[in-house]
Amino acid sequence: MIIKRVELVNFRCHTKYQLECVEMTSQILGENGAGKTSVLEAIYEAMRGKSFRAVDTEILKRGEEFYRVEIEYNSGERIVVVYDGVKKQFLVEDKKFTRLPKKNRYPVILFEPSDMGLIGTSPTKKRDYFDRFIGGFDEKYVSDLNKYKKALKQRNETLKSDLVTRDALFSWNVLLAKLGCEIAKKRRKLITEVNNELTDYYRSIAENKDKVWIEYLNFGEIEEILIDESQYLRRLETDFERDKILQHTSFGIHKDNYKFIFNNQDADGSASRGESRSVILALKFIEAKKLQENTGKKPLVLLDDVFSELDKKRQKYLVKNFQNHQVILTSVTKNL
Ligand SMILES: Nc1ncnc2c1ncn2[C@@H]1O[C@H](COP(=O)(O)OP(=O)(O)OP(=O)(O)O)[C@@H](O)[C@H]1O
Ligand SMILES: [Mg+2]
């Protein structure tokens, strides 16, 4: 899908803003705080159904009563998002929906400045990154993950009660084991698939012979635990006394981590900035490819301020690799 036009009303700092897009690369230029990321946020919302960085109350321009986003595709399809301070509606072909219908959702690759720090970031942020990666093409994964998070919260709440018993946790344990296994299997599958391609992409960007891969650390342990629902359940049950003292669930996929390895060495702390950037670029290209394979649609590429972070060689590589995609990029200075 090619975006032709974007219009914002009362969206963050924008009272009224319009962007006409071209089929290849459109640039949004502006000073810090001018509202560049907000435009990408609005596009993302109209294509995916929600923002990548905030809730609607934060997005609504301060002092205003509603915000509106409209995008028009080359095909003539128009999506309007309206939020009135309480509820949000999507207008598609004159019909109203409370959520963006599946058939009107399109794949988007978002490249943010914070992605550059992925290798050395916290397990939470790494999980978020790969969750969004899988969630881009697997709706079931997103809903399983949401259910998992809710169940985890409930289990943790139950653990806080002085009178908590093993029995009180049983139904939560069963649910967490079931969802946790599903999620872990998909995370592991994704990393296996990424690893099949990562080194090749990396070598063509970095122009060296290094070998790079990602280790998926189940439940924070180096040794991979066989992902088996009954084992998972047993582990939750045996941890009862410990969890009761800690008042939270110490075992599960909410503790998973991902480690980047360069030539058998943990990249965190050892990889140079250039090497890290090359890996992240490689990962983004694989993400674009996977999204396209799994959705049958070519993803839109949103590059937020990342161009200036790259040297000329990597900038060229980025342009070349995304040359068949529509790209919308933001920058403080002119790049193209
Ligand atoms: N709800 C809101 N109402 C009014 N202004 C807001 C709201 N939310 C954010 N802003 C302001 O909008 C401005 C634009 O933010 P945005 O992140 O889009 O800028 P940017 O151009 O991407 O900046 P940078 O170059 O620093 O990344 C900021 O100054 C921010 O304070
Ligand atoms: Mg920004």
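The values are calculated or read from the model by the stated rules, or taken from the named source; none is laboratory data. These numbers come from a predicted model, not from an experiment. Every residue, glycine among them, receives a Cβ derived from its backbone with ideal geometry; neighbour counts consider all protein chains shown.
Structure notes:
- Within the stretch 235-279, restricting attention to residues that are within 24 Å of residue 184 (Cβ to Cβ) and β-branched (Val, Ile, Thr), the residue that is farthest from the chain's Cα centre (by Cα) is 238.
- Residues in the stretch 156-212 that are surrounded by 13 or more Cβ atoms within 10 Å (Cβ to Cβ), of a type in the set (S, T, N, Q) and under 21 Å from the mean Cα position of the chain (by Cα): 195 only.
- Residue, nearest to ligand 2 (Cβ to nearest atom), within the stretch 30-42, restricted to residues that are out of contact with any strand residue (DSSP E or B) (no Cβ under 6 Å at 6 or more places or on another chain) and not small (Gly, Ala, Ser): 32
- Taking the listed residues 22, 80, 9, the one that is within 16 Å of ligand 1 (Cβ to nearest atom) and either closer than 21 Å to residue 302 by Cα or in a strand (DSSP E or B) (or both) is 9, with no other qualifying.
- Any chance residue 28 is crowded, with 18+ Cβ neighbours inside 10 Å, outside any helix (DSSP H, G or I), of a type outside the set (Ser, Thr, Tyr) and within 13 Å of ligand 1 (Cβ to nearest atom): yes
- Residues (touching a residue at least 60 places away in the same chain (Cβ under 8 Å), within 16 Å of ligand 1 (Cβ to nearest atom) and closer than 14 Å to residue 280 by Cβ) located in the stretch 306-336: 306, 309
- The one condition from (1) modelled with pLDDT of 95 or more; (2) surrounded by 13 or more Cβ atoms within 10 Å (Cβ to Cβ); (3) not in a strand (DSSP E or B) that residue 65 does not meet is (2).
- Residues that are within 14 Å of residue 9 (Cβ to Cβ) and under 25 Å from the mean Cα position of the chain (by Cα) were ranked within the stretch 68-87; the one that is surrounded by the most Cβ atoms within 10 Å (Cβ to Cβ) is 69.
- Which listed residue, of 97, 111, 90, is free of Cβ contacts under 8 Å to residues at least 12 places away in the same chain, more than 13 Å from ligand 1 (Cβ to nearest atom) and touching a Leu at 6+ places or on another chain (Cβ under 9 Å): 97
- One residue stands out in the stretch 45-58 among those that are within 15 Å of ligand 1 (Cβ to nearest atom) and over 15 Å from residue 306 (Cβ atoms): the one that is surrounded by the most Cβ atoms within 10 Å (Cβ to Cβ), namely 45.
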